[in-house]
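Here's the structure, in structure tokens; my notes come after.
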């Protein structure tokens, strides 16, 4: 049995997928010690051509699953079904693992058998000007199970049934897995030497509506997470608690939306958002999240 599976899913990211896959193939562990399992979740861009070219460069076992677009949870489960190694390492299609990435996950596994291993991530706005691969606390994420960079025994993730496919919209499907693993007593350790670069480009003006739509989808799935895990951890993570909801109610009465929208009027769609514009866009997305949250909670209570 192989020691590790790198599992990632992709959707319409042909422009960077080749580089991500090359980083997955360029690992310091032996080629026969690990595999890469990629799930294409119904991409409509040049992803199939990128994958076809990557097959000729693959130095380890490389399995590809293509499915109709069904969301990340179902795509993750398709990847889990194809994995054959003892430990599965989840990353995203906007993540560049360092060459010692798999080796470091396996080193942590040796010290903490059976545990979740949470790796480090350095957020970057460009893949062409990468900073030194030195993790710092400013990049810390307290998530128990964050699929940007996390590994777990394959048998453990299969034992809980994988990802909950009712999370068909954006957000929270990995948090749900983490909560279920925590409830089963699976320990999590943080190992920053298992390091990746996480591509987080500065948003463009044309992408503001997409940011808002994603926030609304995340609010709807937040309500589903809270229904499944009605405890304080989910309440704090999602904002479904009296303090955060009350603060949003106060802010909504101040009616900041029109003011924020005016700050973004007349922007050229292809231009990156500047500091104050980015803050306004994020504030609008946050407002949309809590607005949608209240609607979703109202629908839940009415049903």
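A short reminder: the numbers here are calculations on the coordinates, not readings from a lab. Everything numeric here is computed off the predicted structure, so don't read it as measured data. Cβ coordinates were reconstructed from backbone atoms using ideal geometry, including for glycine residues, and neighbour counts include every protein chain displayed.
A few comments on the model shown:
- Förster radius 30 Å - calculated FRET efficiency between residue 135 and residue 46, Cβ distance, rounded to 0.05: 0.35
- Between residue 30 and residue 158, the distance separating the two model label sites (each 7 Å from Cα on the Cα→Cβ line) works out to 2.3 nm.
- Hull-based mean projected area of the range 59-183, where the convex hull spans the alpha carbons, in square nanometres: 9.0 nm²
- Full-extension gain in nm, residue 228 to residue 123, via 0.36 nm per residue minus C-alpha separation: 34.7 nm
- The angle between the Cα long axis of helix 14-25 and the longest principal axis of the Cα atoms of the chain comes to about 40 degrees, rounded to the nearest 10.
- Relative to the longest principal axis of the Cα atoms of the chain, the long axis of helix 173-183 lies at roughly 70 degrees.
- Degrees between helix 275-302 axis and first principal axis of the chain (Cα, 0 to 90, nearest 10): 90 degrees
- Most mobile listed residue (239, 120, 231) in the chain, GNM with C-alpha springs under 10 Å: 231
- DSSP-defined antiparallel bridges as percent of all bridges, the chain, nearest 5: 30 percent
- Calculated FRET efficiency, residue 165 to residue 276, Cβ-Cβ distance, R0 = 30 Å: about 0.15 to the nearest 0.05.
- Pairwise FRET efficiency - residue 295 versus residue 183, Cβ, R0 = 35 Å, nearest 0.05: 0.75
- Its Cα gyration tensor gives the range 121-183 an equivalent ellipsoid, and the semi-axes of that ellipsoid, as √(5λ) in whole Å with the largest first, are 28, 14, 11.
- With the simple model of a label 7 Å out from the Cα in the direction of the Cβ, residue 1 to residue 53 spans 3.7 nm.
- The range 141-249: C-alpha pair distances exceeding 21 Å, %: 47 percent
- Relative packing of 132-140, 58-66, which averages over residues the other C-beta atoms within 10 Å, highest first: 58-66, 132-140
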